[in-house]
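Undergrad: Provided herewith is a single structure, encoded as C-alpha cells, for subsequent inquiry.
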Number of protein chains: 2
Amino acid sequence: MLPSSTVENYLKAIYLGVAALTKPHRLLPMGQLACALGVAPGTATTMVKTLAESGLVEYEPYTGVALTEAGEKLAALVVRRHRVVELFLVQVMGYRWDEVHDEAEQLEHAVSDRLVDRMDEMLGRPAVDPHGDPIPDQEGVITPQPAQSLLTCPLNTPVTITRVIDQDKSFLRFIENHHLKPGESIEVEDRDSASDSVRVRGKDDHHITIGTRAASKVLVHTPAAAAILLELVTSA
Amino acid sequence: MLPSSTVENYLKAIYLGVAALTKPHRLLPMGQLACALGVAPGTATTMVKTLAESGLVEYEPYTGVALTEAGEKLAALVVRRHRVVELFLVQVMGYRWDEVHDEAEQLEHAVSDRLVDRMDEMLGRPAVDPHGDPIPDQEGVITPQPAQSLLTCPLNTPVTITRVIDQDKSFLRFIENHHLKPGESIEVEDRDSASDSVRVRGKDDHHITIGTRAASKVLVHTPAAAAILLELVTSA
DNA sequence: GAAGTATTTTTGACTAATCAAAATGCTGGT
DNA sequence: ACCAGCATTTTGATTAGTCAAAAATACTTC
C-alpha cells in the first residue's frame, strides 16, 4: 500500500521537525507536529497512532513521535523529491529561489521516482537545493554537511554562506537583496547580545546588521571546514 | 473553491468522452463515464449529481451528462496541463512517447498554471502533444484540426500521419515499430471489408496490414488539407 | 505538594469519495 | 402491449481525513 500524500506530509513534517529539534531529545511533540502541518492537535494524534500501527513511526503518548527506520527512509525520499524539484524549477525552469517552495510542495507527491532521477541526472547529481538544503540520495541517505551558523562561526574570518534555513518568501527576498545567498563570501564582524544582533561585512564592504533569530538561519563554511571537505572529496 | 483532482478527472473524462461520442447526441451515458474512470456506476451518478449542483455539468437522469460552459473550460485546462506535460516529458526529459501517459496523469493535478505556461513557452507554444492530440490554449480553446482516419482518406494518395488516438503502451509501441508515428508519410493502398483490414505502404516501401479498429485510431492529413492549413497560417 | 496552566488525548460529528447490491426505469422484440 | 434484459439510480455502509470541544494528563510555580 503506497502512502497517500497526507501520510507523506506527516512523515516529512516529523523528519524535518525532529531534525530541527533543539534538544537532542529526538521525540517531536504532537503540538509542534500539528502546527507544522496546519492541523488541529487531535488530528495529529489520531493520524500518528495509525502511522504507528503501520510501523512508520514510534509513538510515545504525551511525549512525542519519531520515525522508525522504514518511516525515515520514506520521509527522506519525499524530501529528496521536494528538493530535486526545487532545484529543477530554479535551474531549468527559470524560477526564482523564493518562488519554488509552494510548487514543489505539490509536485513532491506527484512526480515518479523515475522523473526525479531524470531531473537529478540532468542537474548533475547535485548535493544541495537552491537554499543549500542537502538532497538525500536514492537510498534516502544524506552526506552530513559540517556547518556553523552566523552565531557560532569565528569572527573576522572569511566564511562562505552555504545554506539558508527558511522558506519564507520575504525572508528569502531579504537575503537575496543583501547578497547573503549561498555561495557568497562574508565575514562576521561583531555579535552583540545586548542588541540581540550580528554585524556582517559582505560583498563590496557592504555592512548589514541582522537579528540573532535571522542570523541563526544562515549557515556558513569556514575555510578550514571547506579544506577538510575538499580533502574528503579528493581522497574518495 | 478549487476543484479536487477527483472533480478534475470527472470533468476531463466527460470532456474526452463526449468528444469521442459517435452520435452527435452529445450526452455521455453514465455507464461510459463510470467505465472511463474505473469506478462503479452508482459512484458516477452520485458524483455527477453534485457536479450538476455546482453548475459544472448538465445532467439528464437516465440519459447522460454534458459539460456546461464553465465545466468545459475547466476540463479543457486540465487537458491542456496533461498534454503540455506529456510533450515536455518527451522533448525535455527524454521520455518515450509511450511512457508519458501515466506520469502526466499524476502531474496534471499538481502543476500550477504558471509552470504549465513556462513549459509551454519553453516548447514554443506547440499546437499538439506527442500523440498529435491538440493542446488547448490558456483559455481552453482548441483550434480545430481537419483530419481523416486511415478508413476515410483517399486511396493511393500520399498522406501525412498527424495523430494517434490511443494511450495504450503496446499499441503505441506497435505504431512506432512500423513507422506510423505522427509526421510519417504513407499511402493507403487498399481497404478490405471482408478481412476487416487496411493495407498501408509506409517508409521504404514497407507494407503492413492492420485491422480497421486500429486504422480508425490513426489520423492523417491529405496534401490538400495540409495546403489549406498552410493557407490559413500564412494569411493569419 | 497543591493549584493552575498548558499540552495532549478522547469523543462525537462531518465531508468527500467510494462500493455492493437492491430497486427502479427504459427499450426492443415478438 | 407486454415482458425480459440492460442501464441507471438508490440505499446503506465503509474509509480517510478532518474539526471543535470535553476530558485527561503533565508541567510549573508558589
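Undergrad: About its Cα centre, what dipole magnitude does the protein assembly as shown give when the only charges are +1 on Lys and Arg Cβ and -1 on Asp and Glu Cβ, stated in debye to the nearest 20?
TA: Magnitude of the dipole: close to 300 debye.
Undergrad: Continuing with this model, one more query. If I take the rotation axis that carries chain A onto chain B, which residue of chain A has the nearest beta-carbon, and at how many angstrom?
TA: Whole-Å result, nearest residue of chain A to the axis: A:Ala110, 2.
Undergrad: Continuing with this model, one more query. Please report B:Arg96, B:Arg201 as a ranked list, fewest other C-beta atoms within 10 angstrom at the top and most at the bottom.
TA: By the 10 Å Cβ count, ascending, the order reads B:Arg96, B:Arg201.
Undergrad: What are the radius of gyration and Dmax of the protein assembly as shown, computed over its Cα atoms and given in Å?
TA: 28.1, 95
Undergrad: Moving on to the next point. Quick one: plug the Kirkwood hydrodynamic radius of segment A:95-229 (C-alpha pairs) into Stokes-Einstein at 4 °C, 1.567 mPa s, and report D in µm²/s.
TA: Roughly 80 µm²/s, to the nearest whole number.
Undergrad: Got a sec? Charge dipole of segment B:62-106, +1 on Cβ for Lys and Arg, -1 for Asp and Glu; which of B:Ala104, B:Val85, B:Gly71 is way out at the positive end?
TA: My answer, from the dipole projection, is B:Gly71.
Undergrad: Using a Debye calculation, one point per C-alpha and no hydration shell, please list log10 I(q)/I(0) for segment A:1-50 at q = 0.22, 0.23, 0.25, 0.33 Å⁻¹ in order.
TA: Results for segment A:1-50 at q = 0.22, 0.23, 0.25, 0.33 Å⁻¹ read -0.77, -0.83, -0.95, -1.33.
Undergrad: For segment A:158-171, what does the Karplus curve 6.51 cos²θ - 1.76 cosθ + 1.60, with θ = phi - 60°, yield as ³J(HN,Hα) per residue in whole Hz, taken in order and with x for Gly and Pro?
TA: x, 10, 10, 5, 10, 6, 10, 9, 5, 9, 5, 3, 5, 5
Undergrad: For chain B, treating each Cα as an identical point scatterer without solvent, what Debye log10 I(q)/I(0) comes out at q = 0.10, 0.14, 0.17 1/Å?
TA: With no solvent term, the Cα-only Debye profile gives -0.53, -1.01, -1.32.
Undergrad: Return the Rg/Rh ratio of segment A:109-157 with Cα-based radii and a Kirkwood Rh.
TA: 1.14
Undergrad: Still on this structure, please answer the following. Is there a pair in A:Lys73/A:Lys181; B:Lys12/B:Lys73; A:Lys12/A:Lys181; A:Lys73/A:Lys169; A:Lys23/A:Lys181; B:Lys73/B:Lys169 whose C-alpha atoms are over 19 Å apart, and which pairs would that be?
TA: Correct reply: A:Lys73/A:Lys181; A:Lys12/A:Lys181; A:Lys73/A:Lys169; A:Lys23/A:Lys181; B:Lys73/B:Lys169.
Undergrad: For A:Gly183, place a label point 7 Å out from Cα along the Cα→Cβ vector, do the same in each other copy, and report the separations in nm, one decimal, smallest first.
TA: 3.5
Undergrad: Now for a separate question. For A:Glu189, enumerate residues with amide H under 5 Å from its amide H, sequence gap 5+ or separate chain, H modeled in the peptide plane.
TA: Under 5 Å from the amide H of A:Glu189: A:Asn156, A:Arg199, A:Val200, A:Arg201.
Undergrad: Per residue of segment B:119-125, what does 6.51 cos²θ - 1.76 cosθ + 1.60 with θ = phi - 60° give for ³J(HN,Hα)? Whole Hz please, x for Gly and Pro, Karplus curve as stated.
TA: 5, 4, 4, 4, 8, x, 6
Undergrad: What dipole magnitude, in Debye to the nearest 20, does segment B:89-233 give about its Cα centre under +1 on Lys/Arg Cβ and -1 on Asp/Glu Cβ?
TA: So the dipole magnitude of segment B:89-233 works out to roughly 360 debye.
Computed from the coordinates by the stated procedures, all read-outs in this text should not be read as laboratory data. Computed from a predicted model, the values in this text were never measured in an experiment. Counting neighbours? That spans all protein chains shown, and the Cβs are built from the backbone with ideal geometry, glycine included.
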